[in-house]
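Presented below is the structure to which this report refers.
All of the numbers you see were taken from the coordinates with simple rules; none came from a lab. All figures in this text were calculated on a predicted structure; none of them were measured in a lab. Here the Cβ positions follow ideal geometry from the backbone for every residue, glycine too, while neighbour counts run over all protein chains shown.
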Amino acid sequence: MERTNVPAADGWVAAVRSAELVGRHVAIARLADTDIALWRDADGRVNAWENRCPHRGMRLSLGSNTGTTLICRYHGWRFDSGTGACSFIPAHPRQIAPKAAAVRTYASAEKYGFVWVGFAKATGQPDIADTVPESPLTFRSLTFHAPLAAVHDALMHETGAVALGATAIRVQLRFYDTELSAVYLVAAQSAFATLVHGFAAEAVPESARLPLLRAQAEHLKTLRKTIVAQDYALTGRA
Amino acid sequence: MLVEAADRPESVLWDDWHVVAEITTLEQFGRMTSTLFERELLITREDKAVHVAYADGSGRIASTLKYGYVWASLGAGDRELVDFPEAAETDRHVLTVGSLGIRTSGLRLVENFIDVAHFPFVHTGYLGAEPDTEVQPYTIRVSADEVWVESGSCTQPMASAAAPGAAQIGYVFRVLRPYTVVLYKTNTHAPTRQDLLLLMVQPVSQERCIAHVLALVLNFEDARDIRSFQRLITGQDKPILENQRPSRLPLDPRSELPVRADAAGTAYRRWLVERGVSYGAIPPIRAVAFVG
């Protein structure tokens, strides 16, 4: 069986919808074979951290978000919002935590209704070089068990598809008597899994939102079935 | 068989005795399967004799019965079985208190067992509670091929099913074998004597194991209380252990960041390195000289 490596994560990658980081929730995203814990502090700042406590490898996504720190579930180590530095080790409450006790952090940004994680070479802000609303209506994100290139190809066959760089595609959606412009964002989770996000690239009237979201979700699931039905593992296509 | 012979673990593990079943479970069904080092085993009981064999019919395996368990060795079976003289004391009860499958390396499980720093966070209200989180200095002794961890005492809100309330509990951990560890714990009713809690890990694969816990206790009113208490404690550890990454225990001192409270875990890891254990572990990175 031919194996392909996951494309090295590069630049800004859309991880989760901003709306998923509510309250003290700690979300997880798997991007480029890396587990990332995402949490919003009390000031609204988003942290994108390697989902692994440097102490004993515990997934930090099971920890508690206090609003200023993330507390590891295993031994209560506290890591500061922003820097990821350890500020308290309960086993040694009167000592200063060693500098090396820091979580690996990634750059993060919020744009187009999504939280983005900055991998190597991420600079400035995520930008898909297109005119879209500030806070668009976002669709439900779906994982396709297919390589990113195959998912990108398939989305390029959608009505009116125009590539906006390597990981965004503008399409025309038509459901019932509504037609509107939308953008899909693709993110490699592994060599054989791709996360597909999407949002409406124009304002959607309140009354049309729910039917649109339902129809779009059905459409994306159908598309996923046709792509995943092709056995990439056996054909070696990637 | 599930794996090639090349996946056979080191002799220190392979040739040792491992718990593969509780006798009571076997009695219930007469025959059962079990997995040890990725090899499927068939355990049968005929009259009073227990037999353990490879499930694919490729041969019989050394087995014996002790402390309510069926033990098996894939090697020659000439190693000594662990032995606890306390089990023979007339006022002591020997109780198998439960077996729980955990999706992680058995070595991670042993390290968790000898770690007191997690008590206030994982066993909150039982073995510890905030703000009493400080770990007092303790001593590590490696003697007679075993690791001994002699801690001071820590305040425990409810140290056992029989504990009347919060108490200062003295702890001694003793790692006898890579997968066998015992805790000597102050008895809350007889402070001069100790209860023993044994953890025997059944290595199913490099990233799967079964935690078998045996109690050698002085007083108990109802075995169900002890079993449900220990099941609660192991059940609290399970989601922690299954969410550690990597699942295999990293033996390189630089791969995870220990503090002084982790001296027991650090000593255990070093002891495993000295014994050449790599099954269920990530061996330390060594400088390798290439010749030619």
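Between exposed GluC sites (Glu not before Pro) in chain A, where DSSP calls loop and at most 15 other Cβ atoms lie within 10 Å, what's the longest gap?
Working: sites that count: A:Glu2, A:Glu134, A:Glu202.
Result for the longest clean stretch: A:3-133.
Can you put A:Thr131, B:Thr104 in order of Cβ neighbours within 10 angstrom, beginning with the fewest?
On the way: A:Thr131 8, B:Thr104 25.
Fewest-to-most Cβ neighbours within 10 Å comes out as A:Thr131, B:Thr104.
Under a Cβ-only charge scheme (Lys and Arg +1, Asp and Glu -1), can you give me the dipole magnitude of chain B about the Cα centre, in debye to the nearest 20?
On the way: 29 positive and 37 negative charges, 71 e Å.
My answer is approximately 340 debye.
Test of the criteria: in the stretch B:13-74, which GluC sites (Glu not before Pro) are in a DSSP loop and have at most 15 other Cβ atoms within 10 angstrom of their Cβ? List each step's numbers first, then the result.
On the way: sites: B:Glu22, B:Glu27, B:Glu38, B:Glu40, B:Glu46; in loops: B:Glu38.
Passing sites in the stretch B:13-74 do not exist.
Test of the criteria: in the stretch A:8-67, which trypsin sites (Lys or Arg not before Pro) are in a DSSP loop and have at most 15 other Cβ atoms within 10 angstrom of their Cβ?
On the way: sites: A:Arg17, A:Arg24, A:Arg30, A:Arg40, A:Arg45, A:Arg52, A:Arg56, A:Arg59; in loops: A:Arg24, A:Arg45, A:Arg52, A:Arg56, A:Arg59.
Listed in order of number, the matching sites are A:Arg24, A:Arg45.
If you consider only alpha-carbon coordinates, what radius of gyration and Dmax does chain A have, in Å?
Rg, Dmax (Cα atoms, Å): 19.5, 66.
Nearest 20 debye, what's the magnitude of the dipole of the protein assembly as shown about its Cα centre given +1 on Lys and Arg Cβ and -1 on Asp and Glu Cβ? Display every interim value, and only then the final one.
Working: 54 positive and 58 negative charges, 100 e Å.
The calculation lands at about 480 debye.
Among the lysines, which fall within straight-line cross-link reach of B:Lys66, defined as a Cα-Cα distance under 16 Å, with same-chain neighbours fewer than 8 residues apart omitted?
Once the sequence-local lysines are set aside, what remains near B:Lys66 is B:Lys48.
I'd like the distance between the alpha-carbon centres of the stretch B:229-292 and the stretch B:105-119, rounded to an integer number of Å.
Here the two parts' Cα centres lie 10 Å apart.
What is the Cα centroid distance between the stretch A:84-110 and the stretch B:11-77, reported in whole angstrom?
Spelled out, the Cα-based centre of one part sits 46 Å from the other.
Restricting the count to DSSP beta bridges whose residues both fall in chain B, what percent are antiparallel, rounded to a multiple of 5? Present the calculation step by step, with values, prior to reporting the outcome.
On the way: 67 of 70 bridges.
Here the antiparallel bridges make up roughly 95 percent for chain B.
Under 24 Å from the Cα of A:Lys111, which lysines turn up, not counting those fewer than eight places away in the same chain?
Correct list for A:Lys111: A:Lys121.
Mind checking A:52-61 for the average number of partner chain beta-carbons within 10 Å of each residue's beta-carbon?
Numbers: counts 5, 5, 3, 6, 15, 11, 6, 6, 1, 1.
Neighbouring Cβ atoms belonging to other protein chains average 6 per residue here.
Go through the stretch B:150-258 and name the trypsin sites (Lys or Arg not before Pro) that are in a DSSP coil and have 12 or fewer other Cβ atoms within 10 Å of their Cβ. Kindly include the intermediate steps, with their values, before the conclusion.
Numbers: sites: B:Arg174, B:Lys185, B:Arg193, B:Arg208, B:Arg224, B:Arg227, B:Arg231, B:Arg248, B:Arg254; in loops: B:Arg193, B:Arg248, B:Arg254.
Those satisfying the criteria are B:Arg254.
Among B:Ser105, A:Ser207, B:Ser153, B:Ser73, what is the fewest-to-most ranking by other Cβ atoms within 10 Å? Display every interim value, and only then the final one.
Values: B:Ser105 26, A:Ser207 8, B:Ser153 12, B:Ser73 21.
By the 10 Å Cβ count, ascending, the order reads A:Ser207, B:Ser153, B:Ser73, B:Ser105.
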